[in-house]
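Data first, discussion second: the structure below is written as structure tokens.
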Amino acid sequence: MISTAADALADVHPRDEGLPTPSRTRRRRLLGIVAGAIFTPVVFAAMWPVTFDSREELFEIPKGTWARRMAGEKREILPSEIHLLVGIRNVLMLKNSDDVPQIFGPTLLMPGQTLRIPFTRPSENSFACTAHASGQLMVVVEAQPTWPWSRLIWRVRRMLRWLSKP
């Protein structure tokens, strides 16, 4: 018996045409779950506003810092860069808990004294600092991330800085 293309098509049920196989359906469902698991946190990170409990970023110079530095210890007690956000976390607070005065920029911090420096606009500021082995401290003041894309970028940069800490 000779079969034609029309006979072959007649054997296919009209409802079965173009339907995915069960394995293809499972793959699509799994891909949707994986995409949702990745996409949902990204959307939340972009949409969630940036907030902190306080507008102050506190850094303390611990007791014995000067003695350890004079003994030749090169360990950093403060980060070499401090990042602040205008309007959110824009006050740098330094507390000298050491036994000797410390210099920060043009200011002499006596033992037990606290220095508060508010920043009002984005900038990069380099300060002389005797608490650092290098003698310098960089304060980077960033603009407030107001748009979702800028919030996401800010959070990714912050996470990368945290991961690169020794």
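The values are calculated or read from the model by the stated rules, or taken from the named source; none is laboratory data. Everything quoted here is computed from the prediction, not taken from an experiment. Cβ sites come from the backbone with ideal geometry, for glycine too, and all protein chains shown count toward neighbours.
Quick look at the numbers
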read-out: Number of the condition not met by GLU124 [criteria: (1) outside any loop (DSSP other than H, G, I, E, B); (2) over 22 Å from ARG155 (Cβ atoms); (3) without any contact (Cβ under 8 Å) to a residue 60 or more places away in the chain]; value: (2)
read-out: Residues satisfying the stated conditions in the stretch 113-132, i.e. surrounded by 15 or more Cβ atoms within 10 Å (Cβ to Cβ), among the hydrophobic types (A, V, I, L, M, F, W, C) and either in contact with a Lys or Arg (Cβ under 6 Å, 6 or more places away or on another chain) or within 28 Å of GLU73 (Cα to Cα) (or both); value: LEU115, PHE127, CYS129, ALA131
read-out: Residues being in contact with a helix residue (DSSP H, G or I) (Cβ under 7 Å, 6 or more places away or on another chain) and assigned to a loop (DSSP other than H, G, I, E, B) - total across the stretch 134-164; value: 1
read-out: Whichever residue in the stretch 139-152 is of a type in the set (A, V, I, L, M) and modelled with pLDDT under 90 and, among such residues, is surrounded by the fewest Cβ atoms within 10 Å (Cβ to Cβ); value: ALA143
read-out: Any hit, the stretch 37-50, residues being aliphatic (A, V, I, L, M), modelled with pLDDT of 80 or more and under 30 Å from PHE119 (Cβ atoms); value: no
read-out: Residue that is modelled with the lowest pLDDT, among those in the stretch 51-71 that are more than 30 Å from MET159 (Cα to Cα) and loosely packed, with under 10 Cβ neighbours inside 10 Å; value: MET70
read-out: Those strands (runs of 3 or more DSSP E) lying entirely in the stretch 72-112 with at least 1 residues of a type in the set (Phe, Trp, Tyr), surrounded by fewer than 17 Cβ atoms within 10 Å (Cβ to Cβ) and in contact (Cβ under 8 Å) with a residue 12 or more places away in the chain; value: none
read-out: Test: residue in the stretch 103-117 that is touching a helix residue (DSSP H, G or I) at 6+ places or on another chain (Cβ under 8 Å), of a type in the set (A, V, I, L, M) and at pLDDT below 90; value: no
read-out: Of residues in the stretch 53-71 being of a type outside the set (D, E, K, R) and in a strand (DSSP E or B), the one farthest from the chain's Cα centre (by Cα); value: ILE61
read-out: Residues that are among the charged types (D, E, K, R) and over 25 Å from GLN144 (Cβ atoms), drawn from the stretch 57-109; value: GLU60, LYS63, ARG68, ARG69, GLU73, LYS74, ARG75, GLU76, LYS95, ASP98, ASP99
